[in-house]
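Visitor: Have a look at this one before I ask anything.
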Amino acid sequence: MTSDPIRLGVVGLGRAFMLMLPTFRADPRVALVAAAAPRAASRQAFEKEFGGRAYETIDDLCADTSVEAIYVATPHQMHRDHVVAAACAGKHILVDKPLAISLEDGAAMVKACRDAGVHLIVGPSHSFDDPVVQAKRLIDEGAIGAVRMINAWNFTDFLYRPRRLEELDTTQGGGVVFSQGVHQIDIVRLLAGGRGRNVTAMTGQWDPQRPTEGAYAALMSFEGGAFAAFTYSGYAHFDSDEWMEWTGELGHLKDPAQYGGARRTLATIASAKEEAALKTARTFGAGAEPSMPDHHEHFGPIIVSGDRGDLRLTPQGVHLYGDEVRTFHPAAPVDVPRSEVAKALFDAVRCGRSPAQTGAWGLASLEACHAILQSAETGLPVILRHQVSVTGEEGPDDRS
């Protein structure tokens, strides 16, 4: 075992990479040494800042012997090819959520990494957020007794941010279920123990100009008897950050006077090509970079109810409402954004300690995404068959 930083390569220098950039720059546990991206401007910007080599293809990146782990930050539909290529090259992998779009692709990715003996971590997901980890610790310590119910909400402008055409096509992973729902699913699964039993849900497609799911409401039951109700809307009306003391998802303070900004910007765009270009402008080497957050990241209001109390998660920490006493457990200051993700990768590669968010975990959350869509279509509950616990133990349907 060594304490040397993980020598990390990145495939995809788009928006996902941009959001991890402050982590890669500041966390000593990772060192960016190589990248792969189709845009020459992004490759040149990477080499200028980080040195190393920037390649045009994933194959060239995988052949770089200086790389020991790869962050797959490409669009969802490319994940399988890129993860399998990295696994076959013997690289450990951090893949952006969701794991994949189809369950078949997700299962193939998990198998490829198991066969190659490399770690597969799915993230960043908001289940890594410090207040979520803190709430899980309080649950494990028995602070509220057994978890019985979880309620989670998030109302955002997601559907009206600049999108490529495939991001408005559900079959290609577009809409809010795969990109956003997986965050809520990860969080409630972590807090409820991991193994979901079934899902009942309804979805909303209310704007013919954005023809994909923009909202959902779902109920998930868990082994042990807990259940979670979670709701999401990306239709850019009510903003649930109002309930989080105007702290945005990425931890930055927001100005309520900027209400409606996403829709106003979209109204100035004349074509899908122009909208895609605006999305490209948010990639590395082309657009503004995220600033240091004021607080921890979050994914909307979450309340966990147990036998002896409730927990309410905030970007500043966790409120505990006991039988007779209310206390507040502050989160540690944010020194490095998303440091929990860097720690998970370091602990896996250097210490052999996998986080909850393994490939199998990501497959279980992906299954719940599909269950939301299936239940909404059929009007029936969907039984879950690929679930794992927080400790990685598989359910009976997954055991060989």
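Visitor: For residues in the stretch 349-365 being part of a helix (DSSP H, G or I) and aliphatic (A, V, I, L, M), which is least open to solvent (accessible area, probe 1.4 Å)?
Guide: Ala364
Visitor: From the set of residues in the stretch 94-107 that are under 21 Å from Ala16 (Cβ atoms) and without any contact (Cβ under 8 Å) to a residue 40 or more places away in the chain, which is surrounded by the fewest Cβ atoms within 10 Å (Cβ to Cβ)?
Guide: Of everything passing the filter in the stretch 94-107, Ser102 is surrounded by the fewest Cβ atoms within 10 Å (Cβ to Cβ).
Visitor: Find all pairs meeting these conditions: Cβ atoms under 7 angstrom apart; at least six residues apart or on different chains; first residue within the stretch 108-133 and within 24 Å of Leu311 (Cβ to Cβ) and touching a residue at least 12 places away in the same chain (Cβ under 8 Å); second residue part of a helix (DSSP H, G or I) and of a type in the set (D, E, K, R).
Guide: Ser125/Asp186; His126/Asp186; Ser127/Asp186; Phe128/Glu340; Asp130/Glu340; Val133/Glu340
Visitor: Would you please list the contacts, defined by Cβ atoms under 7 Å and residues six or more apart or on different chains, that run from a residue in the stretch 208-232 that is on the phi < 0 side of the Ramachandran plot and among the charged types (D, E, K, R) to a residue that is outside any loop (DSSP other than H, G, I, E, B) and open to solvent by less than 10 Å² (accessible area, probe 1.4 Å)?
Guide: Close Cβ pairs (under 7 Å, with a partner that is outside any loop (DSSP other than H, G, I, E, B) and open to solvent by less than 10 Å² (accessible area, probe 1.4 Å)) amount to Arg210/Leu159; Glu213/Val176; Glu213/Val177; Glu213/Gly204.
Visitor: Wholly within the stretch 84-192, which strands (runs of 3 or more DSSP E) include no fewer than the required count, namely at least 2 residues that are touching a strand residue (DSSP E or B) at 6+ places or on another chain (Cβ under 8 Å) and closer than 25 Å to Met220 by Cβ?
Guide: 120-122, 147-155
Visitor: Kindly state which strands (runs of 3 or more DSSP E) lie completely within the stretch 266-348 and contain at least 3 residues that are farther than 23 Å from Phe155 by Cβ.
Guide: 326-330
Visitor: If you don't mind, another one. For the stretch 233-260, which positions are of a type in the set (Gly, Ala, Ser) and in contact (Cβ under 8 Å) with a residue 24 or more places away in the chain?
Guide: Result: Ser233, Gly234, Ala236, Ser240, Gly251, Gly260.
Quick grid of which residues meet (1) out of contact with any Phe, Trp or Tyr (no Cβ under 8 Å at 6 or more places or on another chain); (2) open to solvent by 10 Å² or more (accessible area, probe 1.4 Å); (3) of a type outside the set (Phe, Trp, Tyr):
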| site | (1), (2), (3) |
| --- | --- |
| Val147 | yes, yes, yes |
| Trp153 | no, yes, no |
| Asp169 | yes, yes, yes |
| Ala192 | no, yes, yes |
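Visitor: Something else now. Pairs, please: C-beta under 6 Å, at least 6 apart or cross-chain, first residue acidic (Asp, Glu) and in the stretch 367-379, second modelled with pLDDT of 95 or more?
Guide: Final answer for the pair search is Glu367/Leu384; Glu367/His386.
Visitor: Okay, next question. On the given criteria, is Leu219 touching a Ser or Thr at 6+ places or on another chain (Cβ under 6 Å) and part of a strand (DSSP E or B)?
Guide: So Leu219 passes the test.
Visitor: Next question, about the same structure. Working only within the stretch 233-274, note down all residues that are among the aliphatic types (A, V, I, L, M), open to solvent by 80 Å² or more (accessible area, probe 1.4 Å) and touching a Pro at 6+ places or on another chain (Cβ under 7 Å).
Guide: Of everything in the stretch 233-274, nothing turns out to be among the aliphatic types (A, V, I, L, M), open to solvent by 80 Å² or more (accessible area, probe 1.4 Å) and touching a Pro at 6+ places or on another chain (Cβ under 7 Å).
Visitor: Filter the strands (runs of 3 or more DSSP E) completely within the stretch 13-78 down to those with at least 1 residues that are in contact with a helix residue (DSSP H, G or I) (Cβ under 7 Å, 6 or more places away or on another chain) and within 23 Å of Glu166 (Cβ to Cβ).
Guide: 30-36, 69-72
Visitor: Hey, does the stretch 162-170 have a residue that's at positive phi, modelled with pLDDT under 95 and under 18 Å from the mean Cα position of the chain (by Cα)?
Guide: no
Visitor: Moving on. Does any residue of the stretch 63-82 turn out to be of a type in the set (Asp, Glu), open to solvent by 50 Å² or more (accessible area, probe 1.4 Å), touching a residue at least 12 places away in the same chain (Cβ under 8 Å) and out of contact with any His (no Cβ under 8 Å at 6 or more places or on another chain)?
Guide: Taking every residue of the stretch 63-82 in turn, at least one turns out to be of a type in the set (Asp, Glu), open to solvent by 50 Å² or more (accessible area, probe 1.4 Å), touching a residue at least 12 places away in the same chain (Cβ under 8 Å) and out of contact with any His (no Cβ under 8 Å at 6 or more places or on another chain).
Visitor: Take the stretch 53-62 and flag every residue that is touching a Ser or Thr at 6+ places or on another chain (Cβ under 9 Å) and in contact (Cβ under 8 Å) with a residue 40 or more places away in the chain.
Guide: Of everything in the stretch 53-62, just one residue is touching a Ser or Thr at 6+ places or on another chain (Cβ under 9 Å) and in contact (Cβ under 8 Å) with a residue 40 or more places away in the chain, namely Ile58.
Visitor: Scan the stretch 124-143 residue by residue and report those that are in contact with a helix residue (DSSP H, G or I) (Cβ under 7 Å, 6 or more places away or on another chain) and more than 24 Å from Phe17 (Cα to Cα).
Guide: Result: Ala135, Lys136, Ile139.
The values are calculated or read from the model by the stated rules, or taken from the named source; none is laboratory data. If you're wondering where the values come from, they're calculated on a predicted model, not measured in any experiment. Note: ideal-geometry Cβ built from the backbone for every residue, glycine included; neighbour counts use all protein chains shown. Ligands, DNA and RNA are excluded from the accessible area calculation, which covers all protein heavy atoms including side chains. Shrake-Rupley method; radii C 1.70, N 1.55, O 1.52, S 1.80 Å.
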